[in-house]
Amino acid sequence: MQDYIKESDNLVSLHDQIRDCDIILSQMESLLSGFQAEIGSISSDIKVLQEKSMDMGLKLKNRKVAESKLAKFVEDIIVPPRMVDIIIDGEVNDEYMRTLEILSKKLKFVAADPLVKTSMALKDVQPELERLRQKAVSKVFEFIVQKLYALRKPKTNIQILQQNVLLKYNSLETSGETSSKLFVRRYVISFLKEHGREVYTEVRAAYMDTMNKVLSAHFRAYIQALEKLQLDIASSSDLIGIEARSTGLFSTRREPLKNRSSVFAVGDRINILKEIDQPALIPHIAEASSQRYPYEVLFRSLHKLLMDTASSEYLFCDDFFGEESLFYEIFAGPFAVIDEHFNTILSNSFDAIGLMLMIRLTHQHQLIMSRRRIPCLDSYLDKVNITLWPRFKMVFDMHLGSLRSANVKTLWEDDVHPHYIMRRYAEFTASLILLNREYGDGQLEMNLDRLRMAADELIMKLSAQFHKAKLQTVFLINNYDMTIAVLKETGSDGGKIQMHFEEMLKSQTAIFVEELLLEHFSDLIKFVKTRASEDPSASEKSIAVSEVEPLVKDFASRWKDAIELMHKDVITSFSNFLCGMEILRTSLTQLLLYYTRLSECVKKVQGASALNKDLVSIHEGLFCLQEAQPPSRTPVMLPKSFDFTQGPSIREDICFVTSPSAYNCSLLLET
């Protein structure tokens, strides 16, 4: 208690402090309550302000959208005075093209939006826009027509006018994302298509009519100029099997073959296939130099001009009008002019070589247009090709028919040298084989086989007119050899035809060799074939000395003279020296085989040793054989160990040597 009394003052003081704190806290509570009320009021105000702000933002956005649309509408619908001045009074140039583009946008704008059509502003502006449209269409039409008139002027370079004038004003250049890239938009014709369809139709028709007439006239003039340069190669009488004679009142003579060589031999004419990309002929320059050309040269030149002109016009129609089909309407006239000319030429063409050259040229032209990726001449070139083949077939059949129906008695001449008919055939065949080398036309190969059979039949009939079999053989050899030589001279691969004539030459050579030897050594050959193979020691039909003695002595006394006569005979009989020497070599080789068989037989005959001194040395015969070798041939010697009494028959031993590897052991020589 005492402690409480002692602390009473402190307790009173503490009580007072607590009371004061309560008062202060009460005041703070009141103050905070006031703050809370004020904050609640401010929050309400902020919310109201936020709502007002959002409403104002939305209104601002709507006003901006409205302003943007209104500004675009105003920009799209108003007609600036500057634009009016340019459309009405300005010249057609780059600025005019850009103004046309602006006008086109305004016309499209008022036509496309239904709401615009109901606006009051349009009612004020639309009449002005219509007048500007009409004026622009009229002015563009006049401009294009004026340029079209320029196309009709003589000596106008159409391509330069198209590229530098018409296309220049038909494109509008604007820079893109990079300065190096340009986007080109067609405009003059596009404007007419969109805003003056009737006028565009007139412009299109005017251009088509103008170019049709201009190009038709140009091609007609060019064709007329080319016709003056044409060199006539063949007529209907220039056929392989037609007699090459011209008959006068007092004389009959053969026409020089060289004057008509181009009919049957392609010669330098094939070079036209290598000149496919050369510029077209300029007629007045060629005419001034008095040059004349086979028709295939004019054909290439005409089609070179056609391809270049057609390519340019096709691309222009696509660039300027945006219509590839317009090209075919324009070129209907030029195609008709060329077709008329070509059909006239073709109906009078009997030059099979020229026709085949034109077929190959047409194929090359198709490849050129394919590489250009321009299809405008596909149908035309197909038609040309389809027209050429039947004509070639007809002329080829005329040549074939001339061989089949040839008058042998009229064609035959008492001359064993190559016949001009066979030379014609050889040159003609070699030319067509050469022209077919890279094409492999099976139909042409079949026709050449038919022609070869007809030539075979005719040459056999001609050879039969000779009374002596030897002359018949010589005649055939000369003709076969000449045919093979011509096939090789052209550098063409004669193929089956060349192989056929080589076989025929080999066969006839074997016959001639046998006939030549029979003329000079008939008894020796008869004995070797009938008696030399028999066993001389046999009791029946034994060979007596009296049988072989005349043969040995006869051969020893005149073999050199006989060989000299054979040499002269061969030299005078065969046109080709190498062929003659080859035949002489083969004849001497066969003679050596016969004589060796005889010598072997004599050595086996009882009591015939006295004849050994009369036997001619084999080495002497070999020396004579080597003397007859053509310069380009491989020397022929006989092996010392070769047994002539064995092996195949005499005729089978005949060989034709061109190299050691081709020569069998029966005739390969060792020294």
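Against the list (1) under 30 Å from Val570 (Cα atoms); (2) hydrophobic (A, V, I, L, M, F, W, C); (3) crowded, with 16+ Cβ neighbours inside 10 Å, the condition Val408 fails is (3).
Restricting attention to the range 290-327 and to residues that are crowded, with 18+ Cβ neighbours inside 10 Å and outside any helix (DSSP H, G or I), the residue that is farthest from the chain's Cα centre (by Cα) turns out to be Tyr293. Among the listed residues Glu413, Glu445, identify the single one that is farther than 30 Å from Ala469 by Cα and acidic (Asp, Glu). Selected residue: Glu445, the only one of Glu413, Glu445 that is farther than 30 Å from Ala469 by Cα and acidic (Asp, Glu).
Sub-6 Å Cβ pairs linking a first residue in the range 309-332 that is touching a residue at least 60 places away in the same chain (Cβ under 8 Å) to a second residue that is among the polar types (S, T, N, Q) and surrounded by fewer than 21 Cβ atoms within 10 Å (Cβ to Cβ), at least 6 apart or interchain, are Ser312/Gln159; Ile330/Asn212, ordered by first then second residue.
Quick grid of which residues meet (1) assigned by TED's automatic domain parsing to the domain that holds Phe320; (2) small (Gly, Ala, Ser); (3) at pLDDT below 80:
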{"site": "Ile86", "(1), (2), (3)": "no, no, no"}
{"site": "Arg98", "(1), (2), (3)": "no, no, no"}
{"site": "Ala112", "(1), (2), (3)": "no, yes, yes"}
{"site": "Lys117", "(1), (2), (3)": "no, no, yes"}
{"site": "Leu122", "(1), (2), (3)": "no, no, yes"}
{"site": "Glu130", "(1), (2), (3)": "no, no, no"}
{"site": "Arg133", "(1), (2), (3)": "no, no, no"}
{"site": "Lys139", "(1), (2), (3)": "no, no, no"}
{"site": "Ser171", "(1), (2), (3)": "no, yes, yes"}
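Within the range 105-112, does at least one residue satisfy the condition of being part of a helix (DSSP H, G or I), of a type in the set (A, V, I, L, M) and touching a residue at least 60 places away in the same chain (Cβ under 8 Å)? Yes, the range 105-112 contains at least one residue that is part of a helix (DSSP H, G or I), of a type in the set (A, V, I, L, M) and touching a residue at least 60 places away in the same chain (Cβ under 8 Å). Of the residues making up the range 428-466, those that are outside any helix (DSSP H, G or I) and not small (Gly, Ala, Ser) number 7. Just checking, does the range 419-439 include any residue being among the acidic types (Asp, Glu) and not assigned by TED's automatic domain parsing to the domain that holds Lys274? Yes.
Return the residues of the range 63-104 that are not in a helix (DSSP H, G or I) and not β-branched (Val, Ile, Thr); say none if nothing qualifies.
Within the range 63-104, Pro80, Gly90, Glu91, Asn93 qualify.
Condition check ((1) in contact (Cβ under 8 Å) with a residue 40 or more places away in the chain; (2) of a type in the set (Ser, Thr, Tyr); (3) under 22 Å from His399 (Cα atoms)) across all residues:
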| position | (1), (2), (3) |
| --- | --- |
| Pro418 | yes, no, yes |
| Tyr425 | yes, yes, yes |
| Phe466 | yes, no, no |
| Ile477 | yes, no, no |
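Only one of (1) farther than 25 Å from Arg300 by Cα; (2) of a type in the set (A, V, I, L, M, F, W, C); (3) without any contact (Cβ under 8 Å) to a residue 12 or more places away in the chain is not met by Leu403, so which one is it? Of the numbered conditions (1) farther than 25 Å from Arg300 by Cα; (2) of a type in the set (A, V, I, L, M, F, W, C); (3) without any contact (Cβ under 8 Å) to a residue 12 or more places away in the chain, the odd one out for Leu403 is (3). Which members of the range 346-396 meet the condition of being closer than 21 Å to Leu231 by Cα and either among the acidic types (Asp, Glu) or touching a strand residue (DSSP E or B) at 6+ places or on another chain (Cβ under 9 Å) (or both)? Within the range 346-396, Asp351 is the sole residue that qualifies. Taking first residues from the range 522-539 that are at pLDDT below 75 and partners that are surrounded by 15 or more Cβ atoms within 10 Å (Cβ to Cβ) and outside any helix (DSSP H, G or I), the Cβ contacts under 6 Å between residues at least 6 apart in sequence or on separate chains come to Pro536/Ile543; Pro536/Val605.
Look at the range 264-292: where a residue is of a type in the set (Lys, Arg) and a partner is outside any helix (DSSP H, G or I) and surrounded by 10 or more Cβ atoms within 10 Å (Cβ to Cβ), sitting 6+ places away or on another chain with Cβ atoms under 8 Å, you get Arg269/Pro294; Arg292/Leu229; Arg292/Gln230; Arg292/Leu231. All told, Lys496 falls short of being in a helix (DSSP H, G or I), exposed (fewer than 14 other Cβ atoms within 10 Å of the Cβ) and modelled with pLDDT under 85.
The values are calculated or read from the model by the stated rules, or taken from the named source; none is laboratory data. Because the structure is predicted, anything quoted here is derived from the model rather than measured. Positions of Cβ are backbone-derived with ideal geometry, glycine not excepted, and every protein chain shown enters the neighbour counts.
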